Each structure stands twice: as structure tokens, then as C-alpha cells.
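Participant: Have a look at this one before I ask anything.
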Amino acid sequence: MNNTAASPMSTATSSSGRSTGKSISFAIELQSMMFSLGDARRPLHETAVLVEDVVHTQLINLLQQAAEISQLRGAKAISAEDLLFVMRKDKKKLRRLLKYMFFRDYKSKIVKGIDEDDLLEDKLSGSNNTNKRQKIAQDFLNSIDQTGELLAMLEDDEIDEVKQERMERAERQTRMMDSAQYAEFCESRQLSFSKKASKFRDWLDCSSMEIKPNVIAMEILAYLAYETVAQLVDLALLVRQDMVTKAGDPFSHAISATFIQYHNSAESTAACGVEAHSDAIQPCHIREAIRRYGHKIGPLSPFTSAYRRNGMAFLAC
């Protein structure tokens, strides 16, 4: 993709690409989301701020690419097709996105009060009105899929191991909760960026864009934002687990030099804002998780060019 052409995104700079959206923060909501995803009951504000910056950076980069594609095809708005095109090379992420679009259609039917018989009939007949998002995805994938591999994802019922692990972790997390803690956990589980659509749009500073995302594109961006948070928590929990010295494991001391630098320096200790024994995910865990993920992707990965801007691999799961 040519990066020298005039950008359809207007001047959004800084470390996270923010301009007017800089004063808008999801840090409080992110703390609740992180708790529901496996972090401590009171996640660190400093960690939530770092996660917010990572998520914002990733979405701005994704929007930049989608806007360029939309501009090339002469469209007036960024649509679901543009985001699907950006993600087309990463089959796992694309499969999850397609499942989400199916779920959104199904949820819309439930909200509208369509009974189960009508749902089955619509699925068999391929009704466009009640399967709007599926129809968009199917038509677009059909237009670019030369092997049938992408279209096959629409019928894929394979169990998602990542999602399964998250559900099992949530179940373990609730075993020792009392009723008040469980009520708080359930409330946190319901939080999402899509439930604060207006704030989310302002956070991304969509009003300053020459080509703006349409409604379904905003739904997808909200989904990807939440999945990026979930991926960061997944990876940070693994990092924290790796840092625990295991009795009888001769390699348990072999942690990364990058983590040691973050964890041991006085400056990073202040940034973490908490003692080393805290159960909460610390900023250094997030930084190490991002470092490991970027190293795993590698410069020769076939997916690198699709997502990398500013040297960071696309995280949304």
C-alpha cells in the first residue's frame, strides 16, 4: 500500500495518534474490563492508561489503513469491507471477526423479538434483512476469494481455544467470590466499547476524518478494541506467570533482559506504582507482553506488513 499518497485521515499525531480525542479516556472502563478478563479486582490505573494508549494506537493505525483502502475504491465512508480486506491475511483473526458479525445479526433478531422458527427460516433462505452483516461479509469475501478458503470460514464451527481458555479462566476466577464480588464481576463482564458508541467515536476523533467509518464499521472497531484489551490481558498474565520462580525448575530464573530492565529500574517501579508482590497486572507486564508478541511475529512474517505501523504488531484476537 502506498504511504506517500495524501492521507484520508487528518492530523492526528502524538504517541497514540490522538488529537481532540486526547482528553477523552476509557481508563476507568478499562479497569473494569481488565478485572473481568482475569486481572485483580482493582486493576492498576497506570496499567489501564498504558493499555488504553496501546489500544488507541492500534485502532488509529487500523483506521488509517482502512481509510486508504476506502479512498482507493472511491467510497464515501469506511465500511466493513475495508476492515475485512485489511484483516484478510490473518485467518484466525478474520474467523473470529466473522463469528462476531454472525452474533451481532443474531442478537439483532433477538432484540427485535423474532422467534426461533423465524431465525431458522431466515438462515435457510438467506434473508438479507435479518442477516445484514453476514450478507456484507459473504458478498465481499466472495468477490476476493479465489480459493474458497475465506468463504469456508463462514461455515466453520471449530472451537476457538483462546475463547475457551478465557471462559475457563473466568470460571476459576469466580469460584471464591462472594455475592457482592460476583455481582461486580458480572457487571464488569458486560462492559464494552460499543455500549459507549458516542464516546468511542469521539475517542477515535472520527469527526476530524475526511472519510468516516459507517455504523457497522464502528461496531467492528469497538469489537476489535475490546479484543485487543483481552489479548493484552492474556499475554500479560502469561508474562506474570513466567516471572514466578518455580521450585525444581532450573530455567525459571531465565527471564528476558527487557523485563529485568523494566522491573528492576527505579524509574519503572515508580511507573508500575505498586509493590512487586501485587496481584494486579503491572505496566512492565504489558510492555514485556508487547515485546514478546512483536518478537514472535518477526520481521519475515507474512502478516507483518498487513498490520505493522510504528513497529507494533496488530494485537486484536
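Participant: When you go through Lys163, Lys135, Lys199 one by one, which is the residue that is more than 30 Å from Leu72 (Cα to Cα), of a type in the set (Lys, Arg) and in a helix (DSSP H, G or I)?
Facilitator: Lys163
Participant: Additional query: Just need a number here: residues in the stretch 80-95 that are in contact (Cβ under 8 Å) with a residue 60 or more places away in the chain and either open to solvent by less than 30 Å² (accessible area, probe 1.4 Å) or at positive phi (or both).
Facilitator: Residues meeting the conditions: 7.
Participant: Moving to a separate point now. Which ones in the stretch 166-185 are free of Cβ contacts under 8 Å to residues at least 60 places away in the same chain and either in contact with an Asp or Glu (Cβ under 7 Å, 6 or more places away or on another chain) or not hydrophobic (A, V, I, L, M, F, W, C) (or both)?
Facilitator: Glu168, Glu171, Arg172, Thr174, Arg175, Asp178, Ser179, Tyr182
Participant: Could you check the stretch 152-197 and list, in sequence order, the residues that are more than 30 Å from Glu52 (Cβ to Cβ) and open to solvent by less than 50 Å² (accessible area, probe 1.4 Å)?
Facilitator: Residues satisfying the conditions are Met153, Asp156.
Participant: A follow-up question, please. If you go through the stretch 105-122 one residue at a time, do you hit one that is within 16 Å of Glu219 (Cβ to Cβ), among the basic types (Lys, Arg) and at pLDDT 85 or above?
Facilitator: No: zero hits.
Participant: Still on this structure, please answer the following. Quick one: how many residues across the stretch 25-75 are farther than 19 Å from Asp205 by Cβ and not aliphatic (A, V, I, L, M)?
Facilitator: Number satisfying all stated conditions: 14.
Participant: Turning to a different aspect of this structure: When you go through (1) open to solvent by 10 Å² or more (accessible area, probe 1.4 Å); (2) in contact (Cβ under 8 Å) with a residue 24 or more places away in the chain one by one for Ser70, which number turns out not to apply?
Facilitator: Unmet condition: (1).
The values are calculated or read from the model by the stated rules, or taken from the named source; none is laboratory data. Note that the structure is predicted; figures quoted are calculated from it, not measured. Every residue, glycine among them, receives a Cβ derived from its backbone with ideal geometry; neighbour counts consider all protein chains shown. What goes into the accessible areas is simple: the full protein's heavy atoms, side chains included, and nothing from ligands, DNA or RNA. Shrake-Rupley method; radii C 1.70, N 1.55, O 1.52, S 1.80 Å.
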